[in-house]
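Contents: one structure, followed by commentary.
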């Protein structure tokens with residue numbers, strides 16, 4: 001199928017076409033820029049929520065509850081579950097996704113996991129691209145779920161309007177989140193499995209940690225939930241709504257979206273230049289040898305490469 | 001202190017100077033390129049081991065055992081503990097480092113944690129730079145310890161000659177490692193806390209997973225250890241030694257080091273170009289507005305930026 005035909009079907013909300021378009025993103029298909037350009041005018045309408053946290057905290061159960069709540073309000077939903085790729089697993093660690101299958105027959109819910117195989121910029125560039133496809137397909141709400149708390153998750157979280165960071169009762173999780181630098185990206189904290197011992201302490205600890213951080217216009221609320229039992233879900237929804245209203249009222253929503261787009265474009269340009277750098281490095285035959293023999297140091301070599309690339 | 005004076009002290013093995021030089025790396029100091037160039041001829045002698053795995057698997061205890069084993073063989077050691085930076089914690093989550101303090105008074109052991117505050121290229125570029133400083137200071141063995149199993153850890157692992165991936169008995173850890181794509185970077189697997197139930201199963205599971213992966217010249221051995229009790233440490237050392245011998249004999253050591261240097265130089269050039277891209281994007285005043293108004297799509301914008309940067 002060509003880009004224009006696919007774009008037309010995506011715009012019409014055809015689920016198969018959307019799935020196919022996301023495969024194009026995963027593979028870094030040659031026709032992706034054309035597809036992307038064709039869909040771009042239809043984007044910027046959906047609201048995006050990121051959901052991140054360590055494996056096992058209950059992200060998939062929470063996502064299922066968020067879907068439920070949205071559908072109860074007649075809001076259409078797309079879920080993008082980000083899987084880091086591994087040749088050992090083929091990105092097929094989708095056991096937890098099965099929990100969301102209660103929504104599998106509802107046409108108002110689209111669920112898709114995404115790995116990156118061929119996309120040049122990795123997940124950091126593939127994620128906003130996939131979000132735009134879902135956005136152009138007419139979904140009201142896009143939930144992006146990531147599997148870990150590493151730097152990639154921080155990158156992915158930056159691609160959404162409201163980021164929910166999920167931890168469990170017990171100090172370990174919060175410390176791990178802090179180590180991964182994920183506290184800074186949270187707009188709302190979720191202490192899931194709050195029926196367990198230590199939930200109150202976890203909420204308090206997070207509030208103390210937040211008090212220590214830099215003052216911002218929005219202070220992330222800490223919401224205890226029990227996704228399995230359905231407790232705290234309305235409060236979580238309300239907290240996410242409040243954040244959305246704050247962003248809109250303050251003008252931050254447009255500013256942040258615009259800054260994100262610009263950062264993405266810079267990253268795209270950089271990735272293209274990086275590929276060129278690799279080509280140029282190969283052309284400079286003696287460079288690897290000169291480096292290995294300590295005749296040229298890395299900074300000199302980088303400057304040489306840069307000069308070649310920019311013609312300066 | 002100027003770069004040449006500092007380089008001289010680093011070359012003489014002065015621990016304070018080494019610590020200061022690594023701070024330069026962390027901060028991305030202006031004189032860093034000069035320091036780096038001055039030290040570069042003295043590098044390429046140390047052997048580097050990476051140690052990675054999820055928080056709590058016992059990396060610091062293992063590192064302490066590796067230090068012990070090396071010192072018993074009269075090998076000098078430097079440990080570089082990589083901490084992701086977080087304004088909430090100031091990279092100060094160093095509790096586990098204390099376990100290594102038994103070596104604090106041995107001049108043959110240098111221990112330092114590193115975060116990145118100002119370094120342009122993040123940990124991926126700061127780590128090899130810090131390794132070269134330790135190398136130039138005359139250490140025989142450099143152990144790089146990371147705190148998590150995210151993409152950053154994979155990047156860091158790529159900066160060392162031999163990578164040890166640590167898991168604990170129990171399926172969860174291995175799955176998490178698989179998700180993070182860390183299985184591919186392992187040269188040796190360590191099942192630590194092997195006195196616990198399930199250790200044999202964990203070893204077997206890993207061996208099965210390895211059997212499913214692509215065939216390579218080196219098959220990573222799986223070594224059960226108990227760092228706290230000191231069991232399996234000689235076997236671990238022997239496994240790391242075997243890998244080193246394999247690398248040397250096959251010529252992979254030189255090839256991989258050379259490829260790493262070249263990749264680093266390409267990344268440095270890319271980072272510089274990225275900074276230029278951000279400058280150029282700011283100069284193109286209407287770009288953000290055009291993107292937001294959907295007059296220009298991200299691919300067009302990136303192409304525009306690239307053309308401006310390269311003058312083509």
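Every number in this text was worked out from the coordinates using simple rules, so none of it is lab data. All of these numbers come straight from a predicted model, not from anything done at the bench. Cβ atoms come from the backbone with ideal geometry, glycine included; neighbour counts cover every protein chain shown.
Odds and ends about this structure:
- Sorting A:1, A:268 by the number of Cβ atoms found within 10 Å of their own Cβ, with the fewest placed first, yields A:1, A:268.
- Mean partner shielding of peptide A:289-297, defined as the number of other chain Cβ atoms within 10 Å of each residue Cβ, is 5.
- Residues B:274, A:9, A:59, sorted so that the one with the fewest Cβ neighbours within 10 Å comes first: A:9, B:274, A:59
- For the protein assembly as shown, alpha-carbon Rg and Dmax in angstrom: 24.7, 71
- For residues of B:258-264, the mean tally of beta carbons on other chains within 10 Å: 5
- For the stretch B:264-310, the square roots of the Cα gyration tensor eigenvalues, ordered a ≥ b ≥ c, give a/c of at least 1.5 with a/b greater than b/c, which places it in the prolate category.
- When you count the other C-beta atoms within 10 angstrom of each residue and take the mean per peptide, A:201-214, A:63-76, B:40-53 line up highest first as B:40-53, A:63-76, A:201-214.
- When each of the peptides A:122-132, A:256-266 is scored by the mean number of other C-beta atoms lying within 10 Å of its residues, the order from highest to lowest reads A:122-132, A:256-266.
- Proxy reagent accessibility, fewest Cβ within 10 Å first, across A:140, B:297: A:140, B:297
- If you take the Cα centroid of the stretch A:40-76 and the Cα centroid of the stretch B:215-261, the two points sit 44 Å apart.
- Built from the Cα atoms of chain A, the convex hull projects on average onto 19.4 nm², one quarter of its surface area.
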